[in-house]
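Reading through the structure tokens given below for one structure.
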Amino acid sequence: AKIRVGLLFGGRSGEHEVSINSAAAIAQALQTGDNANKYDILPIYIQKNGVWVAGDTANEVLDSKAPLATEETNPSQLWQFPTQVQEVEVWFPVLHGPNGEDGTLQGLLTLMQVPFVGSGVLGSAVGMDKIAMKMAFAQAGLPQVKYRAVERSQVWSNPCIFPKLCDEIEADLGYPCFVKPANLGSSVGIAKVRSHSELETALDSAASYDRRIVIEAGVNARELECAVLGNDNPKASVIGEVTFEGDFYDYETKYTEGRSQIHIPANLPEKIVSQIQEMAIQAFKTVDAAGLARVDFFYVEETEEIYINEINTLPGFTKFSMYPQLWKATGINFEQLVDQLVQFALEK
Ligand code: ADP
Ligand code: MG
Ligand code: MG
């Protein structure tokens, strides 16, 4: 009999639309070639208000790639799951950012006692929170740019430790530096700042997104990405590079066609390639990731310095996304990749 795969997509995050596009590509790949004989898919759409819908409605969203408009809902509705949920034999969550990539959904699926693709609660949560992630990487000896972690309460303090805090950060990290809410993705809420007043504004704005905030010293570097696949014995792909016009790889640059380019494989000395691959696998193990992750790096060419930037435990997964493209160049095509991911979920 075919294995029933619950394809979960949409979700309560700024990356709702990206999720629909990733899920459409995965749905198609699970219905192509050998996969069509192996898998039945049950698409389940998590609306922007958090309510789950299956059946025709979910299929229409996948086909049209257009989100459904929803109204805020009463929390009790969030526990009314469609009956199709009971038929799922393995989940394939394709949700990016908060409430999908951060361990919350993984906790729910763990309680359901049904296997799922990707990292569990710990790997997802540590991978999502940039402060926890950096602490784990530091402990593992992975090189990172200099950073500071601050809390919202320090930024919104009354009367005023805030100006002193900004002075300290300025002295520590210099300019430019990057201010980031700790628990987002797709560059949402990130600011590049070049002065004391910009720093104050950026911290205030980041505090409106998250209780936890990271500030990093800016580096002038190439941006390299490595895909990791597997469970206990994960493998690293070839390395890809992202280039773009503009100040940094912000939300608009990421999602406006033609604004950024992917280069696979990145033009790099062999020695750097293998160092990055080793670091990617180490990062994957350090946060306790599983199944898949994309690990991103900064590479300063002149000094040959490599810094790990972040791990993404549910990276973008459209046909054009870096993660599947990296595996394609490594010898695993899109259909094979989704098949392997489901198999890794079942063996976990
Ligand atoms: P997200 O998880 O939202 O992708 P990142 O930490 O990857 O957040 O930051 C998004 C982008 O901001 C990076 O791809 C890069 O272009 C820029 N950036 C972030 N931190 C730094 C830094 N310390 N130095 C230089 N550029 C940075
Ligand atoms: Mg990220
Ligand atoms: Mg990033």
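The values are calculated or read from the model by the stated rules, or taken from the named source; none is laboratory data. Since we're looking at a predicted model, the values are computed, not measured. Virtual Cβ from ideal backbone geometry, glycine too; neighbours counted across all protein chains shown. Just the protein is used for accessible areas: all its heavy atoms, side chains included, with ligands, DNA and RNA removed. Shrake-Rupley method; radii C 1.70, N 1.55, O 1.52, S 1.80 Å.
Regarding region 142-246, what are the three Cα extents along the principal axes, ordered largest first, in Å?
Principal-axis extents of region 142-246 (Cα, largest first): 51, 30, 23 Å.
Rounded, prolate or oblate, given the Cα gyration tensor of region 24-72, with a/c below 1.5 counting as rounded?
Prolate, because a/c is 1.5 or more and a/b exceeds b/c.
Tell me the per residue accessible area of region 140-181 using a 1.4 Å probe; a whole number in Å² is fine.
I get 53 Å² per residue for this part.
Please give the helix 196-209 orientation as an angle from the longest Cα principal axis of the chain, in degrees from 0 to 90, rounded to the nearest 10.
That works out to roughly 30 degrees.
Hey, what's region 237-348 come to in accessible area per residue, 1.4 Å probe, Å²?
In whole numbers, region 237-348 has 46 Å² accessible per residue.
Give the share of C-alpha pairs in each 5 angstrom bin for region 194-240, from 0 to the last occupied bin, in whole percents, shortest bins first.
P(r) over region 194-240, rounded to whole percents: 4, 14, 14, 13, 11, 14, 15, 10, 5, 1.
Work out how much length residue 251 to residue 59 would gain on full extension: take 0.36 nm times their residue separation and subtract the Cα-Cα distance, in nm to one decimal.
Stretched out fully, the residue 251 to residue 59 stretch lengthens by 66.4 nm.
Place the peptides 88-97, 183-192, 298-307, 9-18 in order of packing, highest mean first, counting for every residue the other Cβ atoms within 10 Å and averaging per peptide.
Descending mean neighbour count gives 88-97, 9-18, 183-192, 298-307.
For the chain, modelled as a GNM with alpha-carbon contacts under 10 angstrom, which of 282, 28, 113 fluctuates the most?
Maximum among the listed residues: 113.
Specify the angular offset, from 0 to 90 degrees and rounded to the nearest 10, of the alpha carbon long axis of helix 130-139 from the longest principal axis of the alpha carbons in the chain.
Helix 130-139 and the main axis of the chain meet at about 80 degrees.
Which of the pairs 130/180; 130/192; 130/328; 180/254; 254/319 have their Cα atoms more than 19 Å apart in this structure?
As for pairs spanning more than 19 Å Cα to Cα, those are 130/328.
With the Cα gyration tensor of region 176-219 giving a ≥ b ≥ c as the square roots of its eigenvalues, does the rule (a/c under 1.5 for rounded; else a/b larger than b/c for prolate; else oblate) give rounded, prolate or oblate?
In terms of gyration-tensor shape, oblate.
For the chain, build the convex hull from the C-alpha positions and give me its volume per residue in Å³.
Per residue, the Cα convex hull of the chain comes to 144 Å³.
Keeping the other protein chains in place, figure out the carbon and sulfur percent of the accessible area of the chain, with a 1.4 Å probe.
Carbon with sulfur: 49 percent of the solvent-accessible area.
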